[in-house]
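These notes concern the structure reproduced below.
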Amino acid sequence: MSVKNFEDLEVWKSSRELTKQIYEITKGKLFSKDFVLIDQIRRSSISTMSNIAEGFERGGNKEFIQFLYIAKGSCGEVRSQLYVAIDQKYITEQQHVELLSLSKMISTKLSNFIQALKTSKFKGNKYKQL
């Protein structure tokens, strides 16, 4: 399959799903009162998917790699904030395990993608010969 848009990337699709689930859990009764954590965890999840998209749209592998590293960092923030959520009993153990698993899978995909781009001879669409 050829990737023409960031929406075609499996790692972006997974990041979108993570963001969707983060929004769902932060609507919970107990969670909904912690405005600071809600804002932070939502921003981190949005940042993950947005940096994948922005990097892709830049058109060059070097820039894309830079944005993928930022996305990976944001995904790590989500994981850290999930520990706050479980410690405060805002989410169930099952939600915690599922969301940690999804975020770890995204981090792994990002690492693998970064390595693939670093070794690729293709430098990006903006460097294609016209």
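The values are calculated or read from the model by the stated rules, or taken from the named source; none is laboratory data. Keep in mind that what you see is a predicted model, and the values were worked out from it rather than measured. Note: ideal-geometry Cβ built from the backbone for every residue, glycine included; neighbour counts use all protein chains shown.
At-a-glance table
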read-out: In the stretch 50-88, the residues that are in contact (Cβ under 8 Å) with a residue 40 or more places away in the chain, over 11 Å from the mean Cα position of the chain (by Cα) and closer than 27 Å to G28 by Cβ; value: Q81, L82, V84, A85, Q88
read-out: All positions within the stretch 1-26 that are charged (D, E, K, R) and either surrounded by 11 or more Cβ atoms within 10 Å (Cβ to Cβ) or at pLDDT 95 or above (or both); value: E7, D8, E10, K13, R16, E17, K20, E24
read-out: Pair list, Cβ < 9 Å and 6+ apart or interchain, from the stretch 19-37 residues that are among the hydrophobic types (A, V, I, L, M, F, W, C) to residues that are outside any helix (DSSP H, G or I) and surrounded by 16 or more Cβ atoms within 10 Å (Cβ to Cβ); value: I25/Y90; I25/I91; L30/Y90; L30/I91; F31/Y90; F31/I91; L37/T26; L37/Y90
read-out: Candidates I91, I114, filtered to the one that is among the hydrophobic types (A, V, I, L, M, F, W, C), on the phi < 0 side of the Ramachandran plot and in contact (Cβ under 8 Å) with a residue 60 or more places away in the chain; value: I91
read-out: Total residues in the stretch 40-72, condition farther than 21 Å from Y23 by Cα, surrounded by 19 or more Cβ atoms within 10 Å (Cβ to Cβ) and out of contact with any helix residue (DSSP H, G or I) (no Cβ under 7 Å at 6 or more places or on another chain); value: 0
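For every residue, the table says whether it meets (1) closer than 23 Å to D8 by Cβ; (2) touching a strand residue (DSSP E or B) at 6+ places or on another chain (Cβ under 8 Å); (3) at pLDDT below 95.
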| site | (1), (2), (3) |
| --- | --- |
| G28 | no, no, yes |
| F31 | no, no, yes |
| I38 | no, no, no |
| R43 | no, no, no |
| E54 | yes, no, no |
| G59 | yes, no, yes |
| L68 | yes, no, no |
| I86 | no, no, no |
